[in-house]
Structure formats: structure tokens, C-alpha cells
Amino acid sequence: MTPLAESLKRVDPGGRRFRISLTVTILTAFALVFVTVMGLTGLATYREAMRAAVASADREIADLTARTAARTAALVDPLYAAIAISPKLPDVTPGTGTTITATEGSFRGLLEALPRARAVSAASADGTLLQVLNLDAMTADRRRVLQVPDGARFAVRAVAASVAGQREETWRFLDAAGHVQEQRPLGPAPDPRDEIWFLTGLNNDGIATTVLHMLPALGVPGLTIVRRMPEGGVLGIDVGLDSLGAFLAEQRISPRSSAFIIDDNGILLAHSDRATAMSPGAAGQAPTWITIASSADPIMHEVWINFATGRLAPGRGVGLDVGGEAYLARVAELDHIGQPRALVAVVAPAADFTGPIHRARDRLVLLFLAAGAAGLGLIALVASRITRPLAELTREADAIRRFDLDGALTVSSHITEVARLALTMQAMKSALHMFSVYVPKDLARQLMDGDGTAHLGGERRVLTVMFTDIVGFTSIADGMDAETLMRLTSEYFEEMTRELMNAGGTIDKYIGDAVMALWNAPGLDADHAAHGCLAALRGRDLSHRLARDFEQRGRPALRTRFGVNTGEAVIGNVGSTDRMAYTAIGATVNMASRLEGLNKQYGTQILVTAATREAAGSDFVFRRVDRVLPKGRQTATDIHELLGLRCAAAPADRRLLLADADIERAARWDSIVAAYLDRRFVEARLLLPANGGPDDRLGALYRQRLDAFIAEPPGSSWDGVAAYQEK
């Protein structure tokens, strides 16, 4: 293992060690400290605020429960008082026609004075009933059945004593001022003494309250406060559940709180939400009240379960979990509602009270994030002043590893160690830049990406190889002093090298006035043949431009010939362990060199083999030149002249495009050569004049050959191969 590889192994033995930048390290450390301190402080503050909010909410619910119980009692107390002050059963004789009796008038006044009362009833011991009702509490269905006239506010319902076992019921409808609008008999009526309110009053001493029942005259559920009178009759005042529910709806402690009244048997007596308290009846039937067991409200279920198990009791609040949400609940016992015992429950989501805490928490989190961001920004600014030079040096080191050595290193730092490192890296970069002048950059990258060791030997690979040569260079060199020649060739090589490398080529070596270039080595290039041909065309164009420029400056024109071949070669390091050279060797390389020299024989500038033509693709225009056997070759090879481009991908290459006429002429020329190699000499000669020209040495060569073969055809062993003994 080389020293470089060993040092890399020591730096990272497994090659997988986790790394993090210095800036990130500083920022992470700050973030961890900041998050830990602020998080623990915020969490403690939040928990204390939540505890205080829940405790405060529980106190508020307890106060509201107590107030609701007291107000509910205050709601029915006037009704109790109204019954209690009556010394005897009022006269139950109904009025007739438009006459309003004193009892009817006092009952109507009582309904106006007690907004929660729905009806006042008095029934004597013989079953005579006098009842005044507030029609505002009557259901719409009941109003339609009774055909209540428009404008009616009150109704007087009278049931006469039994005559021959028959009781007659009469209704009179009053307006808001108490004037009779209409009187209407309704026919036979049931005995009032059989109704629950009468029986409750008859069977109890003093004032009592019925169980929940349907108020038949109004068609709504409710309770009746009753008192048995000394004469044996019963006096009662109806309270509708809707009035209790409306009262409870006014007692909300939070937007989503609810209050309801239940008895010991789990019967729902009233609810702040009327839709929850009432169950719509079947078609043609009145709505019915709901038991906790039949209710779909999960909150009431939880309250009842906790009350039934003793966990929830008057004076003790509990927390409930309803569908994953926390609720707070309290109950209080109600007086004057009768038996069984009635309780008022108040329930509210904890979030209604802790919501401000949550919002404050969210604001605190935003403030925390803003403070953290500001702190990170400040720390990042300080860290960047420390790490920016190191980051620049890291990028520069990575660029050096990629052998990207362009540009000067400009790193400024007040830290002594960083400044020293920058100077050392600049010196290394300069040394490597000098090294890259002698070694192909791709090869240097391979060495640096590998284990840093160069080995003798190579690998077989299909390459495209190019040789260039300056026409008449020997004569030019003989007529010029060495210094001027050096400057001239240096300028020429600078431009030509750039053109070849821009087309993806690697300069293998300079041989006097010649250049050897490779494609598909060291780096892989799938389109190496096309890139080599494009480089030859660009090089030819550059050669023409340089020739004109040199001539304008009084210098000799340097015209270039190119030979390009594609095939398998061995690419790698040759030499000794002390001194190596990266190059390609093999028949493919030799053939490329021979092609460059054969340009002199045919008057061409770029010659390629059939393998190169086939691999380059259809974007290039060629014409077939000959079938040759160069010196040192064992098999003949078809060679072609590269003329130009059929289409250009880059705007700068448009000057390399051939006109349509030239493309057609090249195609016809291939027909001439094909006829020639097929011994159809006369046919080829007839096609030739249309393609030849005074400057076309290849055309002149074929005229000479064809004329000779027409005059004296070659023997049967002739295969069209032109053998050359000179390089």
C-alpha cells in the first residue's frame, strides 16, 4: 500500500466515518443547549399554567353548578309560593260566552306574572276542572288539532262534572288582553281525577311535584307543582321542560359547556340543548323524553356512570374522558323538584378553559422559535467568520482532488493556522498545475481518485486515435531561427491543443510538429469516434484560419493533415517503475499514424478508416478514397476522406456544414470507387468527369488509374488494393 493510501486509511479506517462540518457542530451545540433550557423552562411554565387553569375552571364550574341549582330553585319557588298562599280551592265554575270569571282572570294573571308557568289548573273533588293555559307553550301539532284562532294568547279549558257518566269539555280562546275570541265545545273528556297531577296532589300532604309526564293539554313534557286543598280538590301549576331547558341554556360557562337535570332513576328532565333533551316521536305522535340509557350523548353517559359509581357526587368534581377529550364535571342537588331526587349537572371541555393557555403556549413556541432563529443567525454569523476560510479551503482541496487547478487561491483569515494552510495549499496547487502540463488531467484524476499509485501495464479498450502533422514543416524549420520557430510552433500547438481538448480529446504526446490524441481514454467516452471526427474538422478549420493569420503577419502558413482510426488498442503505463508514460500502443495507433501520412498520396487533409466512419454516425459526410495496405500492415483497409458535417449541434460548428450539392457529390463519388473496385472501369470513368476538378488530386489519380485499366485491364488477381512501402 502506498504512503498516500496508508494515510487515507489512518484518517478513516472504514471509509464510513460520520463527519459533520464545524459550522453545523457549533450551531448544533447552541441549538441543543437553547432547546434544552428553553424547552424545560417552557414545559414547567406550561404545566403550572395548565394546572392553575384546570383548578380555576373546576372552581368556576362548581360555582356555576351551585348557582344553577339555586336559580333553578328560585325558578320554581314563585310557583310554590303561588300555590301555598291560596287558602282554599278557587271557584272552578267556568264563565260563559264572553264572560271571564274571577278565577279565570286570576289564573291568567298568574301566567303573565310567572313566565316559566305553562298552565294553572284547579280540579274539585267531583272532577270539575278549570284550567287556563299559555298557548305560547303549545306545540304546533296541538294548535292545528284545536284549530286555535289567530291572535289567541291564552285558553280556558273547562271539564264539567259528570252527568249520566259523561263529562263535556269546553275551550275558550282569549287574546293577549284577556278578551274571549271564540268558545268551542270539544265533546266528551276523560276524568281529570285520573291524571297524574291530580293523583300526586291527592296522595301527598302539602305541596308536591309530579314526576316527568306529558302535559296533555299542551302536548309537551313537563312537571306539575300540586297541592291538595282542604275541600278535597287539587290546585296545580305546570312547568314545561322547554322552559327549564331555555333557563339552562342561559347558564353556559363556556362556548361548548352543557347543563342538564336528571333524577335518581336516570331520567333526563331538562337539557340546555333542546335537541338533546327531546326525542322526535313517530309519525302522528308527540315527542318523548329521553333517558340517559337511550341517549346518544356520550357526555351524559359518562356523567351518569361516574354518578352511579359514586365517583361524581355533589360537592366533588371529576375529570371525564369523552372520545379522547378531557371534560370537567360537577353536580348539585335540586330542591323543590320532588321525588325521586333531581340533580343539575354542568359539564365543560377542559380546552374551553385551557385554550388561552394553549394559545399562549403556541405564541411562546413561536417566540421561542423566533428567538432560536435569531440566536442561530447570530451564532451562524460568528461561526461563519471562523469556518468560511476553512470551507473555502475545503472546496479548494476538493477542486484540487478533481484536478481543477484554474484560478488563484484567495483565502483571507486572521487565524494563523488557517492562513498558513492557505499558503501551503496554494503552493501545492501551483506544483500540481505544473505537473498537469506534462500529464493528461484525466489520468491525474484517475490516480488521485484511486490509491495514488501508478502501475506498469494497461488494458485493452476500443479507442479513437488521431495523428496530426504540419505540411512541409522541415522546409519551414530550415528557413527560420530556432527561437522564432519555437514561438511559432508554441502558438500553433496552443490553439490546436485547445481545439482537440474541447472536443473531449486527451493529448497523448507531441512528436516534433505532430500531435497524438486519444478519445475514450483515460476517461470513458461512448461517442469517441464522433468526437474524434468533430475534433479533426475543427482542427482543419483552425488550421485554415491560422494559416491566413500567419500569412498576414508575414509568417509561413502551417497547414495540418489528420489521420483518425478507431479500433482496439492497449492503453496504460509504459516505461520503468522510475519513469512512466501513459499512452496507447497497437495496430490501431500505427494505422492512425499511417493515415496521416497517406494524405500526401491523395491530396486530402483528413483520412479515416472504415471503422471510424461507421462508428462516427450519420452526422458526418465522408467520401470513399481507396483500399490500401500501408507498410507494416497484413490486411487491406478501406480509407475515407472526412469532408464535413451533415448537421451541426453547436452554432460554432455551422461553418463545418457541407452544402447539399457537396453531399450529393460525395455520394456519387462513393459510387465511382465502388464501380472501380468491382472492375467496372468504363462505368466509373463515365461518372468521373462530373465529379472531378482541377484541384481534385483524388479525381486526377482515379482518371489516371481508370484510363490505364481501360487501356490494359489488370489480371484476375487484382483486388483494388494499393500497397505502400513508405510511412
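The values are calculated or read from the model by the stated rules, or taken from the named source; none is laboratory data. Everything numeric in this text was worked out from a predicted model, so none of it was measured. So basically every Cβ, Gly included, is an ideal-geometry build from the backbone, and we count neighbours across all protein chains shown.
Assigned to a loop (DSSP other than H, G, I, E, B), out of contact with any Gly (no Cβ under 8 Å at 6 or more places or on another chain), among the acidic types (D, E) and farther than 30 Å from R705 by Cα - does that describe any residue in region 546-557?
Checking region 546-557: not a single residue is assigned to a loop (DSSP other than H, G, I, E, B), out of contact with any Gly (no Cβ under 8 Å at 6 or more places or on another chain), among the acidic types (D, E) and farther than 30 Å from R705 by Cα.
Give region 701-727 a look and list any residue that's touching a residue at least 40 places away in the same chain (Cβ under 8 Å) and not aromatic (F, W, Y), or say none.
L701, D719, G720, V721, A722, A723, Q725, E726, K727, listed by residue number.
Among the candidates V145, V92, single out the residue that is over 30 Å from L334 (Cβ atoms), assigned to a loop (DSSP other than H, G, I, E, B) and not polar (S, T, N, Q).
After ruling out the rest, the residue left standing is V92.
Limited to region 116-127, what total is found for residues that are touching a residue at least 40 places away in the same chain (Cβ under 8 Å) and surrounded by fewer than 23 Cβ atoms within 10 Å (Cβ to Cβ)?
Qualifying residue count for the region: 5.
For region 609-628, indicate whether the set of residues that are within 28 Å of A517 (Cβ to Cβ), more than 60 Å from the chain's Cα centre (by Cα), assigned by TED's automatic domain parsing to the domain that holds G532 and of a type in the set (D, E, K, R) is non-empty.
Yes, because at least one residue in region 609-628 is within 28 Å of A517 (Cβ to Cβ), more than 60 Å from the chain's Cα centre (by Cα), assigned by TED's automatic domain parsing to the domain that holds G532 and of a type in the set (D, E, K, R).
Please report, ordered by residue number, the helices (runs of 4 or more DSSP H) entirely within region 230-344 with at least 1 residues that are at pLDDT 85 or above and either more than 47 Å from the chain's Cα centre (by Cα) or outside the structural domain of T93 (by TED's automatic domain parsing) (or both).
Result: 298-308.
Could you list, in sequence order, the residues of region 570-587 that are closer than 20 Å to K631 by Cα and either at pLDDT 95 or above or surrounded by fewer than 20 Cβ atoms within 10 Å (Cβ to Cβ) (or both)?
Within region 570-587, I585, G586, A587 meet the criteria.
What is the residue count in region 134-145 for residues that are in contact with a Lys or Arg (Cβ under 8 Å, 6 or more places away or on another chain) and not polar (S, T, N, Q)?
Here the count works out to 3.
Quick check on my filter: what residues within region 202-229 are in contact with an Asp or Glu (Cβ under 7 Å, 6 or more places away or on another chain), aliphatic (A, V, I, L, M) and modelled with pLDDT under 85?
The one that is in contact with an Asp or Glu (Cβ under 7 Å, 6 or more places away or on another chain), aliphatic (A, V, I, L, M) and modelled with pLDDT under 85: V220.
If the requirement is being surrounded by 15 or more Cβ atoms within 10 Å (Cβ to Cβ), modelled with pLDDT under 85, outside the structural domain of A526 (by TED's automatic domain parsing) and within 20 Å of D527 (Cα to Cα), which of these qualifies: L443, L447?
The match here is L443.
Are any of the residues in region 235-246 on the phi > 0 side of the Ramachandran plot and crowded, with 16+ Cβ neighbours inside 10 Å?
Looking for residues that are on the phi > 0 side of the Ramachandran plot and crowded, with 16+ Cβ neighbours inside 10 Å, one finds none in region 235-246, hence no.
Would a scan of region 514-534 turn up a residue that is farther than 30 Å from A700 by Cβ and either outside the structural domain of S490 (by TED's automatic domain parsing) or over 51 Å from the mean Cα position of the chain (by Cα) (or both)?
yes
Looking at (1) touching a residue at least 12 places away in the same chain (Cβ under 8 Å); (2) more than 24 Å from A308 (Cα to Cα), find the lone condition where E250 falls short.
Against the list (1) touching a residue at least 12 places away in the same chain (Cβ under 8 Å); (2) more than 24 Å from A308 (Cα to Cα), E250 comes up short only on (1).
Of the residues P221, P185, P192, which is exposed (fewer than 15 other Cβ atoms within 10 Å of the Cβ) and not hydroxyl-bearing (S, T, Y)?
Selected residue: P185, the only one of P221, P185, P192 that is exposed (fewer than 15 other Cβ atoms within 10 Å of the Cβ) and not hydroxyl-bearing (S, T, Y).
Give me the pairs, please: first residue somewhere in region 505-526 and assigned to a strand (DSSP E or B) and buried (at least 21 other Cβ atoms within 10 Å of the Cβ), second residue anywhere and modelled with pLDDT under 90 and not aromatic (F, W, Y), beta-carbon distance under 6 Å, and either six or more positions apart or on two chains.
T506/P440; T506/D442
Quickly run through region 308-318 and pick out the residues that are over 27 Å from I225 (Cα atoms) and surrounded by 14 or more Cβ atoms within 10 Å (Cβ to Cβ).
Those that are over 27 Å from I225 (Cα atoms) and surrounded by 14 or more Cβ atoms within 10 Å (Cβ to Cβ): L312, G317, V318.
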